[in-house]
Amino acid sequence: MVEVKRKDGESFESLLRRFNRKIQQSGVLVRARKTRFFEPIKSRNLLREDAIKRSIMRVEREELKKLGKWPQTGMKFKRK
């Protein structure tokens, strides 16, 4: 836990800057980012299934492009 006490006559900006520096030095942000973006290791079977799904989607996408039913490149798609 990082704790910073305000000195006499210290502005809020300098207090905040000192606090941010203490946080950076303590490594709290690095640990938080590691836990936030942690992805558990997938098994070989799951990796294989994902690769198969990607290849099937790629083939379907190419077929739609050849038929002219796939939207032109450069257009943005909305994800649901």
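Worth pointing out:
- Here's how it looks for Trp70: its modeled amide H is under 5 Å from those of Lys65, which are all 5 or more places away or on a different chain.
- Based on DSSP H segments of at least four residues, each scored -39500 (n - 2.57), the chain has a per-residue ellipticity at 222 nm of -20000 deg cm²/dmol.
- Dipole axis of the chain (+1 Lys, Arg; -1 Asp, Glu on Cβ), positive-most option in Met1, Asn45, Ser11: Asn45
- Across q = 0.13, 0.14 Å⁻¹, the range 21-69 modelled as identical point scatterers on its alpha-carbon atoms has Debye log10 I(q)/I(0) values of -0.60, -0.62, in the order of the q list.
- Chymotrypsin sites (Phe, Trp or Tyr not before Pro) within the chain, DSSP loop, no more than 14 other Cβ atoms inside 10 Å: Phe37, Phe38, Phe77
The numbers here are math on the coordinates, done by the rules we state, and not lab data. What you are looking at is a predicted structure, and each value in this text was computed from that prediction instead of being measured. Ideal geometry is used to build each Cβ from the backbone, glycine not excepted, and the neighbour counts take in all protein chains shown.
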